[in-house]
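Below is one structure; the comments refer to it alone.
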Amino acid sequence: MTVGMVLLVGCVLAGGMAGALIPSWIARLPEPDLPDGETKVPYTQLAAWPHLHLVAILCTAFGATFLVWRLGLDPALPAVLYTVVVGVLVSYVDIRVKLIPNAIVLPSYPVVAVLLLVAALASGRWDRLLWAALGGAALWGFFALLELIYPAGLGFGDVKLAGLLGLTLGWYALAHLVVATFGAFVLGGLTSLVLMAAKRAGRKTAIPFGPFLVGGWFVALLAAGELARWYLSYR
């Protein structure tokens with residue numbers, strides 16, 4: 001068995017094991033302070049969904065499989081795989097209660113930053129560490145501006161999640177930031193059209209954007225370079 005195959009199998013197993021911990025992670029989340037009159041499903045109830053273990057394991061293992069296949073022995077791979085687990089968790093919570101928990105996203109900033117610092121130490125690519133910081137700041141700033149302009153369309157949780165995803169995107173290239181952002185809006189728009197066509201949503205129905213941010217991030221890490229070249233070839 002080659003080194004690459006061992007890495008792939010190991011990361012898939014690790015991803016599946018991390019996914020199995022997601023329900024207990026959700027169950028321990030502190031309940032947020034909500035405005036008077038607002039309620040939400042308790043996190044313990046979200047964690048008790050019977051299919052959550054299987055879905056979380058499959059999603060994290062799937063994400064790890066394709067990203068390891070695409071990135072290989074990349075020094076930033078630990079940061080990417082950690083972000084996969086966070087992305088699966090916040091996507092599930094956002095879908096269920098339209099909320100991205102600060103208790104997950106905010107502590108993940110220093111975790112990803114440390115993992116990227118280790119990647120820079122291992123590779124000597126300190127320029128990439130700088131680009132990672134700029135990537136996180138760029139997506140945070142862009143989505144903060146959108147939230148300020150149209151607060152009904154985005155929540156500040158989306159802004160914080162975008163900044164977190166921007167760290168690993170910026171590590172790779174500017175194209176990853178552009179493709180991830182464009183991909184998130186394309187995925188969100190297509191999903192909205194499908195839901196409206198199926199009469200499951202209306203023009204004013206609030207649809208959680210966190211899963212589309214994670215989806216755009218995933219697409220960018222898989223194929224940002226190819227998509228950017230394809231787009232430029234048709235201009």
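The values are calculated or read from the model by the stated rules, or taken from the named source; none is laboratory data. Treat the numbers as computed from the prediction; the structure is a model and nothing was measured. As a convention, Cβ positions derive from the backbone with ideal geometry for all residues, glycine included, and neighbour counts pool all protein chains shown.
Before moving on, here are some points about what is shown:
- So ARG200, is it of a type in the set (Lys, Arg) and either farther than 25 Å from TRP69 by Cα or crowded, with 18+ Cβ neighbours inside 10 Å (or both): yes
- A Cβ distance below 9 Å, combined with a sequence gap of six or more or placement on separate chains, defines the contacts here; from the range 85-112, residues that are aromatic (Phe, Trp, Tyr) reach residues that are outside any helix (DSSP H, G or I) in the pairs TYR92/TRP49.
- Scanning the range 73-93 finds no residues that are farther than 18 Å from TRP171 by Cα and loosely packed, with under 14 Cβ neighbours inside 10 Å.
- Being surrounded by 20 or more Cβ atoms within 10 Å (Cβ to Cβ), part of a helix (DSSP H, G or I) and either among the charged types (D, E, K, R) or modelled with pLDDT under 95 (or both) holds for only one residue in VAL112, VAL159, VAL179, and it is VAL179.
- Selected residue [under 21 Å from the mean Cα position of the chain (by Cα), farther than 30 Å from ALA224 by Cα and not basic (Lys, Arg)] from ILE26, ILE22: ILE26
- First in the range 30-45 and in a loop (DSSP other than H, G, I, E, B), second anywhere and of a type in the set (Lys, Arg), Cβ under 7 Å, 6 or more apart: LEU34/LYS40; VAL41/ARG96
- Residue within the range 183-196 that is in a helix (DSSP H, G or I), at pLDDT 90 or above, closer than 22 Å to ARG70 by Cα and aromatic (Phe, Trp, Tyr) present: no
- First in the range 143-155 and more than 17 Å from ASP94 (Cβ to Cβ), second anywhere and surrounded by 17 or more Cβ atoms within 10 Å (Cβ to Cβ), Cβ under 6 Å, 6 or more apart: ALA144/VAL159
- Pairing residues of the range 208-220 that are more than 12 Å from GLY63 (Cβ to Cβ) with residues that are assigned to a loop (DSSP other than H, G, I, E, B) and basic (Lys, Arg), at Cβ distances under 9 Å and at least 6 apart in sequence or on separate chains, gives PRO208/LYS98; GLY210/LYS98.
- Candidate set: the range 116-156, residues that are part of a helix (DSSP H, G or I) and among the charged types (D, E, K, R); chosen: the one surrounded by the most Cβ atoms within 10 Å (Cβ to Cβ): ARG128
- Restricting attention to the range 51-72 and to residues that are among the small types (Gly, Ala, Ser) and touching a helix residue (DSSP H, G or I) at 6+ places or on another chain (Cβ under 6 Å), the residue that is surrounded by the fewest Cβ atoms within 10 Å (Cβ to Cβ) turns out to be ALA61.
- Taken as a whole, the range 56-65 holds at least one residue that is of a type outside the set (A, V, I, L, M), touching a residue at least 40 places away in the same chain (Cβ under 8 Å) and touching a Phe, Trp or Tyr at 6+ places or on another chain (Cβ under 8 Å).
- Qualifying residue in the range 196-206 (condition: under 25 Å from LEU106 (Cα atoms), in contact with a Gly (Cβ under 7 Å, 6 or more places away or on another chain) and not acidic (Asp, Glu)): no
- Which listed residue, of GLY15, GLY10, GLY19, is buried (at least 16 other Cβ atoms within 10 Å of the Cβ) and out of contact with any Gly (no Cβ under 7 Å at 6 or more places or on another chain): GLY19
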